[in-house]
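A quick write-up on the structure given underneath.
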Amino acid sequence: MSNLKLKEAALIYLDRSGGLQKFIDDCKHYNDSKQSYAVYRFNILINPSDVVELDAELGNNILHQPLKAAQIFQSVCFIAVKTLSLSGQLQTETQINIVLKLTHLPPLPSYGLDLCEFPLDYTSQRYYMMQGIVIAMTTVTKYTQGARFLCSDEACPLSKGFQYIRVHVPGATESATIRNDFLCDLCASSLQEDRKFRVLGDKQIVEIIATKALHAFQGFSNNQPFRFQSLTIFLRDELVNKMNIGNEYKIIGIPTCVKTSQTAVCIEANSITFCNPKVPSGVSDNFRCLLSLTSSSCWKFTAILANIFATQIVPPGTYNLLKLCLLMSLVQTSDRNKEQDCLDILIITSDTLIIDRLLNFSINLVPRGIRHLASTEIFPTLSRNKYGTGAVSIQAGSALLAKGGICFIGDLASHKKDKLEQLQSVLESRSIRVYIPGKKFGDDIDQQMTFPVQCSFWSFVDMDSSLRRNAQKTNTLIGQMDCSLIPANLVEAFGLLINCSESSSCHPLLPTVQHTLKKAIDPEGLLYVASKQFTTEDFEKLLAFAKNLNVEFSLEAERMIHGYYLASRRIRTDSVYGSKLSASALRYL
């Protein structure tokens, strides 16, 4: 009686939600195809809140016993097929493969799966919601959605018909659906697959990490050790190619334990949702007050910002040009899944330690500030999939992981020639092509995939190192800066080239030395009034607010840009006093 009550509740829900009409339309689609099927797959959209309100027991089954709930809806749908004569080809209930697609889960802690917590619960076989960033994905392969088996004994009644149907269930491997050791329940003879009725579906494997694990890529340290591990997500059929490397998603799925060369916890995805960024809460009162006090000038507020920025790393009033450029690049970052206006920065310096600290501090002010590690790759790489599916796994690399943010790649001279050539190509095209050789990965054909690179690149060149390595060379760039170690075309590809020579009056040595000594004595101390009034958190909020503004040019700004263009045209066309000004330089200007 309880089972009958659940079926009745399921039918009422299907009728009220429009699911029954969709099921009828799907049956018509199968009939119109004029093709025989062993398995009929139907997706049913489920709103758990509505189901619980209608029938609490059915809702509990959907949330905590999804396989049992699918069987209830399977039985209801089969009754509908026979009662309404929806399909003459569908003979048995087992031919119906019901996939319940959940719209959401209750916003309760017990339904959340934190990828940084241990251990993960993969034994309850129920739905969880997790959130993470895609760091790797495979190419699309096939899997067996369903298959028909027949008794090998022709005298057995079960050697015909559709009594033995096997379909994929969450967490099952391919061998659970297709094997040669199944036996007939009636005569104990072996079962043989009727291959012409095998139904194939698409499958893709994705790896995600928790958002908080990005600290490991930001040069972030609070003197507290932590570990993180990627989690494998199985995408099937309509979910294939719905996730992109570098994006953040909410995933509803069932944790399972997959045994390959080693036991691993995976998630059989049920639904995925792109994570929308949080709306910035606004700027601090101190910044509002500063803006009000400087409203008479369109330059003062920005100039003061650059002056007091990063006082934890350098004293106020030093490296102002560099700090202004860093703020401009940071405000070009984007939390939304849209094309980003990038501002790449290359710094020429003789004090790499301070510059490294300043850039590392700055990337931590945005959600996707990634410090490239020497042990990793900047751009995507290929590897064999560890689950033995025959698919190629594409690892993100630092650039794709920094989507919408900043990728700090350190000393440009530390990278090999082929990587610098690849970087130049990416800076010019804003995309990276990944070539997949078929023979190497067991495929008949070669493949090529293109990924957009939506981040700004920061780097620096050690002037002293460059001068030492090229002591005999005389070609220089911008006064005494020797950039002969770096290809000229690569330097040209960066949006801004900044000279941070210590000999400049903009970088007095004494305040920097005093700052360094005081920080060595009191690393956590706030040395300046500006550090206390405008905290790191205040700058984070300011950048989050500013980068989401819809900015329009004022008439004065348009006139200024037009003036730049006219001046550059005169410079480029003057045959006597003219100089070369590239198209990229004009664009950034």
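So if we plug the beta-carbon distance of N286 and D114 into 1/(1 + (r/R0)^6) with R0 = 35 Å, what FRET efficiency do we get, rounded to 0.05?
Numbers: r = 35 Å, r/R0 = 0.99.
The computed FRET efficiency comes out at 0.50.
Angle between the Cα long axis of helix 2-17 and the longest principal axis of the chain, 0 to 90 degrees, nearest 10?
Here the helix axis deviates by roughly 50 degrees.
Charges only on Cβ, +1 for Lys and Arg, -1 for Asp and Glu: so what's the dipole of the chain about the Cα centre, in debye to the nearest 20?
Details: 59 positive and 55 negative charges, 136 e Å.
Charge dipole, the chain, about its Cα centre: 660 debye, nearest 20.
Given the Cα-Cα distance of L382 and D411 and 0.36 nm per residue of separation, how much length would full extension add, in nm?
On the way: separation 29, 0.36 × 29 = 10.44 nm, distance 2.50 nm.
So the chain would gain 7.9 nm between L382 and D411.
Compute, for segment 328-383, the length of the dipole vector about the Cα centre, with Cβ point charges of +1 (Lys, Arg) and -1 (Asp, Glu) only. Units Debye, rounded to 20.
On the way: 5 positive and 7 negative charges, 37 e Å.
For segment 328-383, the charge dipole is close to 180 debye.
Can you tell me how segment 107-275 classifies by the Cα gyration tensor, rounded, prolate or oblate, using a/c under 1.5 as the rounded cut? All intermediate terms of the calculation are to be shown ahead of the outcome.
Working: a/c = 3.04, a/b = 2.52, b/c = 1.21.
In terms of gyration-tensor shape, prolate.
Residue separation times 0.36 nm, minus the C-alpha to C-alpha distance between S189 and K278: what's the value?
Numbers: separation 89, 0.36 × 89 = 32.04 nm, distance 6.03 nm.
Fully extending the segment from S189 to K278 adds 26.0 nm.
Restricting to DSSP H runs of at least four residues, report the calculated mean residue ellipticity at 222 nm for the chain, -39500 (n - 2.57) per run over all residues, nearest 500 deg cm²/dmol. Walk me through the intermediate numbers first.
Numbers: 19 runs with 195 residues, N = 589.
Result for the chain: -10000 deg cm²/dmol, rounded to the nearest 500.
Can you compute the modelled spin-label distance between A155 and R433, with each label point 7 Å from Cα toward Cβ, in nm?
It works out to 6.6 nm between the two label points.
How long are the three semi-axes of the equivalent ellipsoid of segment 312-413, in whole Å, if each is the root of 5 times an eigenvalue of the C-alpha gyration tensor, listed from largest down?
31, 16, 10
Filter the cross-link list K5/K34; K212/K323; K323/K518; K403/K518; K250/K386; K417/K518 down to pairs whose alpha-carbon distance in this structure exceeds 31 Å. Could the numbers behind the result be given before it?
Numbers: K5/K34 36 Å; K212/K323 27 Å; K323/K518 21 Å; K403/K518 37 Å; K250/K386 24 Å; K417/K518 40 Å.
As for pairs spanning more than 31 Å Cα to Cα, those are K5/K34; K403/K518; K417/K518.
Could you work out how far helix 19-32 tilts from the main Cα principal axis of the chain, as a 0 to 90 degree angle to the nearest 10?
80
Going toward the positive end of the dipole of segment 8-63, with +1 on Lys and Arg Cβ and -1 on Asp and Glu Cβ, which of L58, N31, L20 do you reach last?
Positive-end residue among those listed: N31.
Residue by residue through segment 542-556, which ³J(HN,Hα) values in whole Hz follow from phi under the Karplus form 6.51 cos²θ - 1.76 cosθ + 1.60 (θ = phi - 60°), with glycine and proline marked x?
4, 5, 4, 6, 5, 6, 9, 6, 8, 9, 10, 6, 7, 4, 4
Using the basic label-point model (7 angstrom from Cα toward the beta carbon), what is the E558 to N180 distance in nanometres?
7.6
Restricting the calculation to Cα positions, tell me the Rg (one decimal) and the Dmax (whole number) of segment 1-103 in Å.
13.3, 40
Given points 7 Å out from each Cα along the Cα-Cβ axis, report the L510 to I445 separation in nanometres with one decimal.
Going by the 7 Å Cα→Cβ label model, 7.2 nm.
Please calculate how many Å² of accessible area the chain carries per residue, with a 1.4 Å probe and no DNA, RNA or ligand atoms counted.
Numbers: 31150 Å² over 589 residues.
So the chain comes to 53 Å² accessible per residue, rounded to a whole number.
Can you return the aspartates and glutamates within cross-link range of K68? Criterion is Cα-Cα under 17 Å, with same-chain partners fewer than 8 residues away left out.
List returned: E8, D55, E57, E93, E268.
What label, among [x] 1.53; [y] 1.08; [z] 1.20, belongs to Rg/Rh (Cα atoms, Kirkwood Rh) computed from the structure on display?
Recomputing Rg/Rh (Cα atoms, Kirkwood Rh) here gives the entry labelled [y].
What ³J(HN,Hα) values, in whole Hz, does the Karplus curve 6.51 cos²θ - 1.76 cosθ + 1.60 give for segment 518-527 when θ = phi - 60°, with x put for Gly and Pro?
5, 5, 5, 7, 9, x, 9, x, 9, 7
Stretched out fully, how many nm does the piece from L526 to L4 gain, at 0.36 nm a residue minus the Cα gap?
Details: separation 522, 0.36 × 522 = 187.92 nm, distance 6.98 nm.
Gain in length upon complete extension: 180.9 nm.
If amide hydrogens are placed 1.01 Å from N in the peptide plane, which non-local residues have theirs closer than 5 Å to the one on V392?
Hits under the 5 Å cutoff: T139.
The values are calculated or read from the model by the stated rules, or taken from the named source; none is laboratory data. Not measured: the values here are computed from a predicted model. When we count neighbours, we look across all protein chains shown, and the Cβ atoms used for this are built from the backbone with ideal geometry, even at glycine. Only protein heavy atoms, including side chains, enter the accessible area calculation; ligands, DNA and RNA are left aside. Shrake-Rupley method; radii C 1.70, N 1.55, O 1.52, S 1.80 Å.
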